[in-house]
Amino acid sequence: MHKWWRSAAIYQLYVRSFADGNGDGTGDLPGARERLPYLAGLGVDAIWFNPWYPSPMSDAGYDISDYRGIEPVFGTLADADALIGEAHSLGIRIIVDVVPNHASDQHRWFTEALAAGPGSAARDRFWFRPGRGPGGDQPPNNWQSIFGGPAWTRVTEPDGSPGEWYLHLFAPQQPDFNWGNASVRAEFEDVLRFWFGRGVDGIRIDSGALLTKDPRLPDIATGQPPGPAHPYSDRDDVHDIYRSWRAIADEYPGRVLIGEIWLPDATRLARYVNPGELHTVFNFPYLSCPWDAAELRRVIDQTLALGAPATWVLSNHDVDRIVSRYGRADTAFSLDRRRYFHNFPGDVELGTRRARAAALLTMALPGSVYIYQGEELGLWEVQDIADELRQDPIWRRTNGADPGRDGSRVPLPWSGTEPPFGFSPTGAAHEPWLPQPKEWRDLTVEAETANAGSMLRLYQDALRIRRSAPALGDGPMSWLPAAPTVLAFDRMPATAVAGTSAVRCVANLSPTPITLPPHATMLLTSGPLTDGLLPPDTTAWLRV
Ligand code: NOJ
């Protein structure tokens, strides 16, 4: 079986903001289906869809009320089937998001649990506990929600009295499942089979390190690191779940499990990609890394040492868009520092130059690569969304201290010179669910297709070369001697194929132009050379 995930270019499609087929201002599956030829032309091998299931959208679809359906605003199961079939006929694989840590509070199991009352089997599928203190009016422990505020909400019992509390590591509308409960395990195994059986090629596992909890629900100590002693993050018992999921995936040839495992410690991360567990994990250390040669090299080496197929990710729907981030004085990213970053306006021109260089660097590395929709257009983080339009629960739960993630989720510009830029069909009854900056007129797919120097044309060229050069994608890599501010490496075909050659990648992160190393021909550069030299913040692909 061809191990496609080892080298695939995977496009992250955020359904709400990709393309609106019916004019209601929200992206949908018919809209995505219409644009599949665009993605085929871009040259991607797979699409990862953010959650497309029925959801009250308290957390943009990460609050699922039915794991086997399609959100009516997005379309129908028939639309999903048609989309999967059509993507396959274009040679594109489909990955769906599964959210096993928590459901929506509108999920049937949760409404049943509320109605069934304390001590019931229905409540055991979640984490219901009496409160502490007189009258039980204090949360059962000191855990905080990742979105801000306490991780517990108190319910009113069916008889109208103040009742138990339930756990939600994210928003109150996202109650956490109790993975110690056998019916929860059985349910998700069935959900996996449901989607694999419909022809889906991969599952992205949301919040993959958080599923299991210490059933004693102890208070957490400040700064307690994830690991076996942590009450809910990266506990050893989570691996048992992934071993059984892997056995299911293996029943369907070519299907993969991809973990969203946000852990700082590479040794702990490596355990998730042990044989018999997940195929790959998202590379958050790379995504968070500053635009700095030494730091990048350290993260690249650490990633390759994991001993599993590497993934390379520059951005996603949870983080600031790369063009904005790379244009700031501090180019690193971490979730807990987002609130500070937004205060830095950023230099979009500098950020764009660096994002172009980063794109070529990233696509030359050994492994698979993720492209978050709009990254290929060089869209920036929209920082001036009016407060009343913001939808991210992070914004609300931190009382606006953290701007949240809406700025990276603004609907894509496709064509034309003013909003909705072809996102919705002509004559659409509604405006896009978040406003698009008018300056995006120069960043539409249409405008960038016509502009040889655009980000889109760079991504198209890079993906075409990456796909056709046997040295790129999966395979060996070796560093070349270079100044500490320069990243230079060779990629060689894994097996010697007659007529194929190595590809040499050089990224100049220094403040001065550099001489290119020896090469036969130039394949692609992220920006023009100056007097034959590679300028700062520029990457070149060379044939040797
Ligand atoms: C990670 C997802 O990427 C994010 O968007 C979501 O809010 C949380 N998990 C909770 O599901």
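Bear in mind that the values in this text are calculations on the coordinates, not laboratory data. Treat the numbers as computed from the prediction; the structure is a model and nothing was measured. Heads up, the Cβs are rebuilt from the backbone with ideal geometry, glycines too, and the neighbour counts pull from every protein chain shown.
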Charge context of Pro231, other residues only, Cβ under 10 angstrom, K/R +1, D/E -1:
+1
Quarter of Cα convex hull surface for the chain, i.e. mean projection, nm²:
25.2
What is the order of Arg204, Arg397, Arg325, Arg467, fewest Cβ neighbours within 10 Å to most?
Arg467, Arg397, Arg204, Arg325
Using a simple charge model, +1 on the beta-carbon of Lys and Arg, -1 on the beta-carbon of Asp and Glu, nothing else, what dipole does the chain show about its Cα centre, in debye to the nearest 20?
1380
Where the centroid of each part is defined by its Cα atoms, how far is segment 44-99 from segment 300-330 in Å?
25
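Helix-only mean residue ellipticity at 222 nm, the chain, DSSP H runs n ≥ 4 weighted -39,500 (n - 2.57), per residue, nearest 500. What is it?
-7000 deg cm²/dmol
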For the chain: relative contact order, % (alpha-carbon pairs under 8 angstrom, 6 or more apart):
13
Tell me, what is the FRET efficiency for Glu157 and Asp219 to the nearest 0.05, using R0 = 25 angstrom and their Cβ-Cβ distance as r?
0.50
